[in-house]
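Since the structure comes first, as structure tokens, the remarks are kept for the end.
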Amino acid sequence: MIDSVYLAFSSIINSHSSFLTFILMFTPFVVFFEGPLLLFIIIGIFKFAKDYLFQSDLLTKLPPVSCCITCYSEGISVINTIKSLTFQTYPGLIEIIAVIDGALQNKDTLQAAQSCKELVDTTDNRKLIIIPKWQRGGKISSLNVALKIASGEIFIALDGDTSFDNDMVVKAVNHFNDENVIAVAGNLRVRNASKSLATRLQALEYILSISAGKAGLSAFGIVNNISGAFGVFRKKVLDLVGGWNTGSAEDLDLTIRIKQYFGRNKNWRIVFDPYMVGHTDVPETFLGYFKQRIRWEGDLFYIIGRKYLDNIRPGFLNWINYFSTIIITYFMQIILPFVIILYTIFLFYTFPTPYVIALFLIVYIFYLLVLSIYFLLYFLLISDRLKEDIVYFFYIPLFPLFAFVSRMNTALAIFHSIINKSHLDSNIAPWWVLRKGRF
């Protein structure tokens, strides 16, 4: 088999007709679809790095900040989250609102939050409010409860198992010196990256898609999503859109509803800050990862393909966010996984197996080169943790394979969502809440 692959590889390179066939099959994905988007993001990374040099770190205002921690079954992990907010370097008021969903069956989480009460209340300009929701209503209901009682001008939505760098609030508030900034997407890094190969590859994915990818998109004002684990908002904007909406994928749901005001407010912007860092745990096995993404990608299709299908229009989003949604979300995240599967089936059906393997080897080498350059740009222009990030150079050779299998999993998730309405089976809320939604 190896000899056959080698001969096929040589024939592709040396034969003009075979190489032309290869080009015709290869370029639709790399050049016409993924290539321009990647080039656009790379240009954005350079622009972001240049613009960041001229940003001021001086706080001109000290608005009160409300941090909502949505808790369900985190247990003692919530203590780290509360402490990381208590010890922020921000000199203004930080109001920490811990909402314990289903507190009756999650007494350990409630007790863990209560154990932090004295620490927080004896710290200057810190306040802890604990809200036990005895009957479980889901993450959205927790966020909306906190929004109702929050007194801060800035509202930060956080997961109960996420911790933060101690300058996070300072960096977040600093962005709102610009009156046109209505929300800031925080950067997420993988806290348990060293646990396994699966966590290392997910950490690299977070770096490429969030730390680097969102920085490039943010430079052009087209942040595609504000993470549900770490998002910062002007409270008056949350009040304007009516808070969070019932259903799964609450982060993308809220992002789209906020963007629907961009057509009427031409200067409004959502920005991303790679140096405003939160730390989260990811599944430690590949099986856990694929199960998680089955839910995430299925929820994405529910939001884009069902709930807001009629609302994706330039009059609502403005033209640049409209085009970015069509290209990045509809095509790259929903359509392309199915195209890749059909393309792969077509190759194996049409050509001998050694030829297809040789072809895939060339595609792999190309993607490896592109990823290496992309990561190097992130490493040199964005990363502020060089010693921590340098190890990921060694995992780049595995990433094209990881990404290919992830695309297969995405197609499965979307198909599952279409057939079974998987968004109605989510751990974000109990079934009796999810099924009250329209879709």
If you take the residues of region 259-296 that are crowded, with 20+ Cβ neighbours inside 10 Å and in a helix (DSSP H, G or I), which of them is farthest from the chain's Cα centre (by Cα)?
259
Being surrounded by fewer than 17 Cβ atoms within 10 Å (Cβ to Cβ) and either closer than 17 Å to residue 41 by Cα or not small (Gly, Ala, Ser) (or both) is the filter here, so list the residues in region 297-326 that pass it.
306, 309, 310, 311, 313, 314, 319, 320, 323, 326
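Give region 62-107 a look and list any residue that's among the aliphatic types (A, V, I, L, M) and surrounded by 23 or more Cβ atoms within 10 Å (Cβ to Cβ), or say none. Lay out the reasoning, then the answer.
From region 62-107, those among the aliphatic types (A, V, I, L, M) are 62, 65, 69, 76, 78-79, 82, 85, 93-94, 96-100, 103-104; that's our starting set.
Within region 62-107, 65, 69, 78, 82, 85, 94, 96, 97, 98, 99, 100 qualify.
Which one is surrounded by the most Cβ atoms within 10 Å (Cβ to Cβ), of the residues in region 168-195 that are polar (S, T, N, Q) and farther than 17 Å from residue 280 by Cα?
Filtering region 168-195 for residues polar (S, T, N, Q) gives 174, 177, 180, 187, 192, 194.
With farther than 17 Å from residue 280 by Cα added as a condition, the list becomes 174, 177, 180.
Numbers: 174: 22, 177: 13, 180: 12.
Checked region 168-195; the qualifying residue surrounded by the most Cβ atoms within 10 Å (Cβ to Cβ) is 174.
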Which of the residues belonging to region 378-411 are crowded, with 16+ Cβ neighbours inside 10 Å and not in a helix (DSSP H, G or I)?
382, 383
Among residues of region 79-112, those that are under 25 Å from the mean Cα position of the chain (by Cα), farther than 18 Å from residue 127 by Cβ and free of Cβ contacts under 8 Å to residues at least 60 places away in the same chain, counted
1
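Here's a check for you: in region 40-92, which residue that is part of a helix (DSSP H, G or I) and in contact with a Phe, Trp or Tyr (Cβ under 6 Å, 6 or more places away or on another chain) is farthest from residue 211 (Cα to Cα)? I'd like the intermediate steps shown before the answer.
Pass one, region 40-92, residues part of a helix (DSSP H, G or I): 40-52, 77-86.
Narrowing further to those that are in contact with a Phe, Trp or Tyr (Cβ under 6 Å, 6 or more places away or on another chain): 44, 84.
Details: 44: 12, 84: 21 Å.
Residue satisfying both the conditions and the ranking: 84.
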Kindly provide the set of residues from region 257-294 that are among the polar types (S, T, N, Q) and either at pLDDT 95 or above or more than 28 Å from residue 423 (Cα to Cα) (or both), ordered by number.
265, 267, 285
Sort out which residues of region 381-390 are without any contact (Cβ under 8 Å) to a residue 60 or more places away in the chain and touching a helix residue (DSSP H, G or I) at 6+ places or on another chain (Cβ under 9 Å), and write them in order of number.
386, 388, 390
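Could you check, for region 231-250, whether at least one of its residues is in a helix (DSSP H, G or I) and modelled with pLDDT under 90?
Keep residues of region 231-250 that are in a helix (DSSP H, G or I), which gives 235-241, 250.
The next check asks that each one be modelled with pLDDT under 90; those that pass are 250.
There is at least one residue in region 231-250 that is in a helix (DSSP H, G or I) and modelled with pLDDT under 90.
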What's the number of the only condition in (1) on the phi > 0 side of the Ramachandran plot; (2) surrounded by fewer than 18 Cβ atoms within 10 Å (Cβ to Cβ) that residue 247 fails to meet?
(2)
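Restricting to region 313-329, give me the number of residues that are β-branched (Val, Ile, Thr) and without any contact (Cβ under 8 Å) to a residue 24 or more places away in the chain.
Keep residues of region 313-329 that are β-branched (Val, Ile, Thr), which gives 320, 325-329.
Those left that are additionally without any contact (Cβ under 8 Å) to a residue 24 or more places away in the chain: 326.
Residues that pass the stated criteria total 1.
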So which of 365, 419, 340, 414 ends up being part of a helix (DSSP H, G or I), within 30 Å of residue 140 (Cα to Cα) and modelled with pLDDT under 90?
419
For a quick check of your reading of the model, give me the residue pairs whose first member lies in region 46-60 and is surrounded by fewer than 13 Cβ atoms within 10 Å (Cβ to Cβ), whose second is aliphatic (A, V, I, L, M), with beta-carbon atoms closer than 9 Å and at least 6 apart or on different chains.
50/219; 51/219; 57/170
Just one listed residue, out of 329, 353, is under 20 Å from residue 413 (Cβ atoms) and of a type outside the set (A, V, I, L, M), and it is 329
Return yes when residue 143 is in a helix (DSSP H, G or I) and over 27 Å from residue 187 (Cβ atoms) and no when it is not.
no
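Yes/no per residue for (1) more than 18 Å from residue 65 (Cβ to Cβ); (2) of a type in the set (Asp, Glu):
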| site | (1), (2) |
| --- | --- |
| 102 | yes, no |
| 109 | yes, no |
| 129 | no, no |
| 138 | yes, no |
| 146 | no, no |
| 159 | no, yes |
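The values are calculated or read from the model by the stated rules, or taken from the named source; none is laboratory data. It should be emphasised that the depicted structure is a prediction, and the values quoted were computed from it without experimental measurement. Quick reminder, even Gly has a Cβ in these numbers, built from the backbone with ideal geometry, and neighbours come from all protein chains shown.
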